[in-house]
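Everything below concerns the one structure shown next.
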Amino acid sequence: MADFIEIKDAAENNLKNISVNIPKNKFVVITGPSGSGKSTLAVDILQRESQRQYFEMNGMTTNFINKPKVGSISGLSPSIGVSQHTTTNRNPRSTVGTVTDMYTYLRVIYEKLGERECPNCHKRVKKPADMDEESLLMPCSNCGYEMKNLNKAHFSFNTVEGACETCLGLGKTLSIRTELIFDQELSLNGGAVKTWYKNIIDYYGLVLKAAAKHYGFEFDMDLPLKNYSPEQRNLLYYGIESEQFKQHFPDTPPPKTTNKGKFEGVVTAMWRRYQEREGVSNEAMYFYHQTCPECHGEKLKKESRQVIVAGLPISEVSKKPLDQLLEWVQEIAKELEDRENSIARSLVFELKVKIERIVSIGLGYLSMERQSVTLSGGESQRLRLATILGSALSGVLYILDEPTIGLHPKDTAGLVDVLKQLRDLDNTVLVIEHDVDVMEQADWIIDIGPGAGMHGGEIVGQGTLESLKTQDQSVTGNYLKEMYVPRPKRRAGNGQKITVHNAVKNNLKDVTVAFPLGCFIAVTGVSGSGKSSLLFDVVAASAEEDHIREGYSHIEGLETVERMVTVDQSALSRMQRSNIATYTEVYTLFRTLFAKLPESVERGLTAKHFSFNTEGGRCEHCQGMGFVLVNMHFLPDLEVVCPVCSGKRFKEEVLEVSYKGHSISSILDLSIEESMELFTENKKVQMTINLLLEVGLGYLKWGQTLTTLSGGEAQRLKLAKELNKPAKGQTLYILDEPSTGLHPNDVKQLLLLLNKLVDAGNTVIIVEHNTEMIQETDWIVDLGPEGGEAGGYIVAEGTPEQVAKNPASYTGGFLKV
């Protein structure tokens with residue numbers, strides 16, 4: 001067996017005919033500046049070629065998978081990719097417990113070991129060990145009374161047997177805030193329905209009058225809502241088909257047309273639109289979730305909620321942070337030690353091992369009931385990593401994309417241990433990473449650079465971390481040789497501050513904290529300590545339109561800020577049609593530019609013809625996408641280059657129009673930095689290019705789909721778009737881990753930008769784990785001490801120097817000031 005994965009003459013994307021040997025069965029880190037070619041080597045070459053060879057070996061066609069641009073690859077193993085782009089399950093029923101199978105184990109444990117009260121003798125009884133699982137009834141061991149047999153399906157909130165009948169197993173019910181929609185003091189003509197405009201009022205006014213006439217009562221458009229009769233109110237709110245309205249006229253058939261008075265009802269129509277658009281609508285602000293009144297958020301039927309194991313029902317166990325749940329599981333494991341060949345014993349042991357793995361990689365603050373959709377990219381990735389470890393596969397190439405994202409330095413050691421365990425099972429662990437602590441533990445490092453995009457794509461260093469320091473070409477090695485020089489002076493601020501009083505949102509423990517304005521501030525702490533709750537769910541949420549105050553008493557000082565800009569790591573778009581050019585609105589300028597060219601005027605081509613989102617000039621075979629999807633049945637769909645336009649998105653007549661030698665398609669294939677010289681005369685385009693370069697995104701291509709961006713890239717793109725807007729007085733910028741995905745050299749560039757914003761009189765507050773960023777700030781608010789219920793307290797406040805001296809602060813221990 002070969003000791004290396006040998007790649008020769010790789011020229012994919014920006015790689016410059018590189019050849020490299022990757023040692024097998026080792027822990028290998030690929031590092032280098034953002035956009036240097038790390039993902040191209042790991043994902044576009046190794047993972048794609050592994051996938052292609054898998055199909056080839058199984059006699060399946062591989063025409064749809066483009067072979068990477070390499071001379072040769074030898075020694076390749078089957079690969080498993082664990083990336084940030086793994087689509088998070090957006091189903092609200094998907095939880096940490098269900099995606100890891102921990103909840104399945106828990107359900108069987110409750111089926112086998114659960115105690116319940118006999119409805120006849122009221123004694124607590126257990127299911128007999130030898131009982132037939134298919135049996136519908138279970139005898140009471142005390143009085144013989146036969147009660148309903150509960151199996152594992154009765155402990156699932158995703159089955160008819162177990163789910164609460166009111167909320168259908170979601171734990172929440174959706175309601176609508178009618179008080180925000182209707183103003184009782186106004187009439188319809190006066191604007192009583194806040195979602196209606198003048199033309200809509202006139203139109204629906206005629207329909208409402210026709211409906212009232214049909215049912216034999218008056219409808220006055222100038223009558224204030226507070227004076228409406230029940231018939232008038234139910235007609236306006238719920239419409240003629242509703243039960244609320246029908247009760248007034250049970251024997252009158254409803255009108256069939258709008259001219260006759262067929263009116264849907266304001267509230268009814270809003271419910272319909274919300275459901276049709278799956279909650280993504282302009283009216284979403286009027287809807288809110290509240291705890292289910294029947295199950296009180298516990299998702300299950302009463303009979304299932306009353307079963308207990310080791311003193312707790314399954315709903316309470318699901319709410320426990322995993323590090324606390326581990327203690328409960330260990331307690332049960334001790335009780336079962338004397339039971340040989342017990343199914344319950346083996347299940348408890350398996351569950352214990354699963355929880356231990358997840359806790360060891362810094363996710364002990366998560367609970368089983370935590371929804372998958374609320375997990376960050378880093379959390380999802382580490383959760384999957386812990387699950388993979390349980391498979392005990394060997395001879396596999398694992399490819400991981402920055403698994404330390406969102407991880408506090410204190411938890412990095414636990415993650416590295418998991419990676420080493422994978423390696424010790426005779427696997428090759430290949431990690432794209434910027435974290436120096438991870439590099440120190442690696443068996444081998446491959447440094448790609450020296451820059452991003454066209455300035456990268458070369459191997460500039462190889463070896464251990466210490467040996468990189470001796471290699472003059474190594475970007476990472478040169479960075480490590482530099483000594484940290486602390487900032488000469490911390491800003492004191494402008495004398496004003498924003499103070500949050502008595503914050504109790506999520507796990508915050510009655511926190512009162514002040515943020516000095518005119519400063520660069522970091523909110524720090526271990527994962528799950530309450531950073532995002534404080535900054536995004538309290539401070540940022542307070543500036544939202546129609547914000548309802550909850551989770552805190554009040555906030556002082558917000559009036560001193562003219563504008564609040566929140567830049568988090570949420571996806572920019574779920575649409576594959578959205579790309580860098582469309583998001584930054586530069587594509588509109590491109591289209592206008594092309595439409596004005598003499599060739600376009602001569603051919604009758606307008607700006608519309610240069611859009612890949614509308615019919616006219618786009619290729620209709622792929623509808624302007626440049627690719628078509630191939631159904632892989634049991635595997636995810638594959639994107640294949642469109643055979644008609646060869647990936648160029650447009651019809652031939654559109655592609656023949658060129659600007660400085662480039663078609664509209666080839667401009668989309670240029671990186672932002674490469675396009676700089678093309679648009680020196682266009683100030684608007686140039687301004688956007690400069691901002692994107694300033695936030696370190698010059699290596700991205702204009703046509704890159706937004707869904708392929710990492711959380712860090714998406715956030716910096718949002719920041720650039722916000723900075724492109726005209727400045728309006730003092731602005732408060734709130735950012736969520738802006739250093740995500742950045743090489744230490746790129747962090748310096750980002751710090752220059754953020755400091756420039758503060759020097760201009762603004763305030764920047766960041767949630768951050770990167771110590772290089774934290775020690776450059778003026779003020780730190782450190783939360784903790786742990787995650788989940790053991791967090792939510794202010795552990796330390798002050799300058800980096802003051803926090804570094806605080807023995808209670810985990811963060812302070814990692815600061816080199």
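Every read-out reported here was derived from the displayed coordinates using simple, explicitly stated rules and does not represent laboratory data. Quantities reported herein were computed from a predicted structural model and do not represent experimental measurements. Quick reminder, even Gly has a Cβ in these numbers, built from the backbone with ideal geometry, and neighbours come from all protein chains shown.
Using only the alpha carbons, work out the radius of gyration and Dmax of the range 527-632 in angstrom.
Just the Cα atoms of the range 527-632 yield Rg and Dmax of 22.2, 65 Å.
Return an integer: the convex hull volume of the alpha-carbon atoms of the range 757-817, in Å³ per residue.
About 87 Å³ per residue, rounded to a whole number.
Going toward the positive end of the dipole of the chain, with +1 on Lys and Arg Cβ and -1 on Asp and Glu Cβ, which of A796, S671, L46 do you reach last?
Of A796, S671, L46, it is S671.
So, how do all the Cα-to-Cα distances of the range 176-291 break down into 10 Å bins, in percent, from 0 on up?
Result returned by the calculation: 14, 45, 34, 7, 0.
When N counts the residues of the range 281-383, how does its alpha-carbon radius of gyration compare numerically with 2.2 N^0.38 Å, as a ratio?
After normalising by residue count via 2.2 N^0.38 Å, the value is 1.33.
Where does each of 431-444, 199-212 land if you order them by average Cβ count within 10 Å, highest first?
431-444, 199-212
What does the charge count near E681 come to, summing +1 for each Lys or Arg and -1 for each Asp or Glu among other residues with Cβ under 15 Å from its Cβ?
Net charge around E681: +3.
Report the FRET efficiency, 1/(1 + (r/R0)^6), for N494 and S578, where r is their Cβ-Cβ distance and R0 is 35 Å, rounded to 0.05.
Step by step, r from the Cβ atoms, then E = 0.35.
Name the residues whose placed amide hydrogens come within less than 5 Å of the amide hydrogen of I5, ignoring near sequence neighbours (fewer than 5 apart) on the same chain.
Long-range HN contacts for I5: I22, K24.
Report the charge-dipole magnitude of the chain in Debye, nearest 20, computed about the Cα centre from +1 at each Lys and Arg Cβ and -1 at each Asp and Glu Cβ. Please list the in-between numbers first.
Working: 88 positive and 105 negative charges, 248 e Å.
Here the chain has a charge dipole of around 1200 debye.
Please report how far the C-alpha centroid of the range 500-521 lies from that of the range 274-319, rounded to the nearest whole angstrom.
Value for the Cα centre distance between the two parts: 29 Å.
In the range 678-784, if the dipole is taken from +1 on Lys/Arg beta carbons and -1 on Asp/Glu beta carbons about the Cα centre, which of Q730, N690, G741 is farthest to the positive end?
N690
Near F515, within a Cβ-to-Cβ distance under 14 Å, what is the net charge of the other residues, with Lys and Arg +1 and Asp and Glu -1?
Details: positive: R491, K497, K531; negative: E556, D778, D782, E797.
Surrounding charge for F515 is -1.
Relative contact order of the range 529-611: what whole-number percent is it, with Cα pairs under 8 angstrom and at least 6 residues apart?
On the way: 27 pairs, mean separation 13.6, N = 83.
Dividing the mean separation by the residue count of the range 529-611 yields 16 percent.
Amide H of S79: which non-local residues (sequence gap of 5 or more, or other chain) have their own amide H closer than 5 Å, using H built in the peptide plane?
L397
What's the local net charge at S467, with K and R +1, D and E -1, over the other residues with C-beta under 13 Å away? Working shown, then result.
On the way: positive: K469, K481; negative: E440, D443, D447, E466, D472.
Net charge around S467: -3.
Work out Dmax and Rg for the range 580-708 from the C-alpha atoms and quote the Rg first, both in angstrom.
Taking only Cα atoms of the range 580-708, I get Rg and Dmax of 15.4, 51 Å.
Taking amide H positions as placed 1.01 Å from N in the peptide plane, with prolines and chain starts having none, which residues 5 or more places from M138, or on another chain, fall under 5 Å of its amide H?
Here M147, K148, N149 satisfy the definition.
How large, in Å, is the chain by the Kirkwood hydrodynamic radius built from its alpha-carbon pairs?
30.5
Taking the Cβ-Cβ separation of T291 and T560 as r and a Förster radius of 45 Å, what is the calculated FRET efficiency to the nearest 0.05? The partial results should precede the final answer.
Numbers: r = 36 Å, r/R0 = 0.80.
That gives a FRET efficiency of 0.80.
When the helix-only estimate is applied to the chain (DSSP H runs of n ≥ 4, each -39,500 (n - 2.57), divided by the residue count), what is the mean residue ellipticity at 222 nm, nearest 500 deg cm²/dmol?
That calculation yields -8000 deg cm²/dmol at 222 nm.
Could you give me the ³J(HN,Hα) list for the range 753-766, computed from phi with Karplus coefficients 6.51, -1.76, 1.60 and θ = phi - 60°, whole Hz, x at Gly and Pro?
5, 5, 5, 5, 4, 5, 5, 7, x, 9, 10, 10, 10, 10
Compare the Cα positions of S187, N199, F219 along the charge dipole of the range 176-291 (+1 at Cβ of Lys, Arg; -1 at Cβ of Asp, Glu; about the Cα centre) and return the one farthest towards the positive end.
N199
Along the range 46-51, what does the Karplus equation 6.51 cos²θ - 1.76 cosθ + 1.60 (θ = phi - 60°) give for ³J(HN,Hα), rounded to whole Hz, x for Gly and Pro?
Once rounded to whole Hz, the list reads 5, 5, 5, 5, 4, 5.
Pairing rule first: another cysteine's C-beta must sit under 4.7 Å. Under that rule, which cysteines of the chain stay single?
C519
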